[in-house]
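Undergrad: Quick one: the structure is below, questions incoming.
The values are calculated or read from the model by the stated rules, or taken from the named source; none is laboratory data. If you're wondering where the values come from, they're calculated on a predicted model, not measured in any experiment. Don't worry about glycine lacking a Cβ; one is built from the backbone with ideal geometry, like all the others, and counts go over all protein chains shown. Please note that ligands, DNA and RNA were not included when accessible areas were found on the heavy atoms of the full protein model with its side chains. Shrake-Rupley method; radii C 1.70, N 1.55, O 1.52, S 1.80 Å.
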Amino acid sequence: QGDLVESGGGLVQAGGSLRLSCANSGRPIRPYAVAWFRQAPGQERELVATISYNNQITHYTNSVKGRFTISRDNAKNTVDLQMDNLKPEDTAVYYCASASTTILLKSESVDYWGQGTQVTVSS
């Protein structure tokens, strides 16, 4: 599929917002389900948000529902994660991932990973 490249991470105060973007520099992203995972120090990688290949289904982990929004623009070959009302517990490295499936729900199903982008939320 090519390389997945994340951007948009950084340092923000609690209550602030960040927008992460995942760009695919290889083949079109259209046929692939895409998800955002995150991993905090000493913790396992967890699914944050996922969107189906056809843009019909989205799913969020409970801790981010109502605060994060995943979206995809197949014409631009990008998948974004809008993160609002950020909390210190959102601090982690965020990874974009894709798979040749309808929707991506677990890390074991990932075909391609991005390199990750750090998000740090200060209290």
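Undergrad: Rounded to the nearest Å, what's the spacing between the alpha carbon centres of the range 75-123 and the range 1-69? Just the number, please.
TA: 3
Undergrad: Give me the percent of the accessible area of the chain that comes from carbon and sulfur atoms, probe 1.4 Å, all protein chains in place. Don't jump to the answer; show the numbers that get you there.
TA: On the way: 2780 of 6140 Å².
That share works out to 45 percent.
Undergrad: Ok, one more. How high is the relative contact order of the chain, in percent, with contacts defined as C-alpha pairs under 8 Å that are six or more residues apart?
TA: Working: 325 pairs, mean separation 43.7, N = 123.
Computed value for the chain: 36 percent relative contact order.
Undergrad: Ignoring solvent entirely, what values of log10 I(q)/I(0) come out of the Debye formula for the range 31-85 at 0.13, 0.14, 0.21 Å⁻¹ when each Cα is a single scatterer?
TA: Ignoring solvent entirely, the Cα scatterers give -0.33, -0.38, -0.79.
Undergrad: Under the definition of Cα pairs under 8 Å and six or more residues apart, what whole-number percent is the relative contact order of the range 60-123? Spell out each step's value before the answer.
TA: Values: 74 pairs, mean separation 19.2, N = 64.
Contact order relative to length: 30 percent.
Undergrad: Hey, another quick one. Between GLU44 and ARG30, what length comes free when the chain is fully extended (0.36 nm per residue of separation minus the Cα-Cα distance, one decimal in nm)? Walk me through the numbers on the way to the answer.
TA: Numbers: separation 14, 0.36 × 14 = 5.04 nm, distance 2.85 nm.
Fully extending the segment from GLU44 to ARG30 adds 2.2 nm.
Undergrad: Grab the Cα-Cα distance for THR102 and ASN62, subtract it from 0.36 nm times how many residues apart they are, and report the gain in nm with one decimal.
TA: Working: separation 40, 0.36 × 40 = 14.40 nm, distance 2.10 nm.
Net length gain for the segment: 12.3 nm.
Undergrad: Same structure again: Report the residue, chosen from SER107, SER63, SER98, that carries the largest GNM mean-square fluctuation when the chain is represented by alpha-carbon nodes joined by springs under 10 Å.
TA: SER63
Undergrad: Can you list residues from other chains, or at least 5 along the same chain, whose modelled amide H is less than 5 Å from the amide H of TYR112?
TA: SER98
Undergrad: Here's a follow-up. Excluding ligands, DNA and RNA, what is the solvent-accessible area per residue of the chain at a probe of 1.4 Å, expressed in Å²?
TA: Values: 6140 Å² over 123 residues.
Roughly 50 Å² per residue, with all protein chains present.
Undergrad: I want the local charge near LEU18. Using Cβ-Cβ distances under 13 Å, sum +1 for each Lys or Arg and -1 for each Asp or Glu among the other residues.
TA: On the way: positive: ARG19, ARG38, ARG67, LYS87; negative: GLU6, ASP80, ASP84, ASP90.
That sum, taken over residues with Cβ under 13 Å, equals 0.
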